[in-house]
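Note sheet for the following structure.
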């Protein structure tokens, strides 16, 4: 994921691991903070990745023919 280094992949992975493996110890306030402050930006970043990937695939398809 070096191509998209603006996204904090390790933090996302770490949060996922804490939710899955330490759900009793996870702070709901922490989760709520992420939802309110980080999720919208992450969604926008992921959408840009998807859109760029579609454009690149379309270019590749056009170059093959």
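Any read-out appearing in this document is the output of simple, stated calculations on the displayed coordinates, not a laboratory observation. Since we're looking at a predicted model, the values are computed, not measured.
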Give me the number: length gained by fully extending residue 40 to residue 52, i.e. 0.36 nm times residue separation minus the C-alpha to C-alpha distance, one decimal in nm.
2.5 nm
In the list (i) -0.30, -0.40, -0.85, -1.41; (ii) -0.44, -0.51, -0.81, -1.09; (iii) -0.52, -0.63, -0.97, -1.20, the entry giving log10 I(q)/I(0) by the Debye sum over Cα atoms at q = 0.13, 0.15, 0.22, 0.28 Å⁻¹ computed from the coordinates is (iii)
At 0.36 nm per residue, and after removing the present C-alpha to C-alpha distance, how many nm does the segment from residue 4 to residue 20 gain when stretched out fully?
3.3 nm
Structure-based [θ]222 nm, the chain - -39500 (n - 2.57) summed over DSSP H runs of at least 4, per residue, nearest 500:
-25000 deg cm²/dmol
Once fully extended, how much extra length lies between residue 11 and residue 28, figured as 0.36 nm per residue of separation less the alpha-carbon to alpha-carbon distance?
4.4 nm
Does anyone have the angle between helix 9-21 and the longest principal axis of the chain? Alpha-carbon axes, 0 to 90°, nearest 10?
50
Taking Cα atoms, how many degrees apart are the long axis of helix 28-37 and the longest axis of the chain, rounded to 10 and kept between 0 and 90?
30
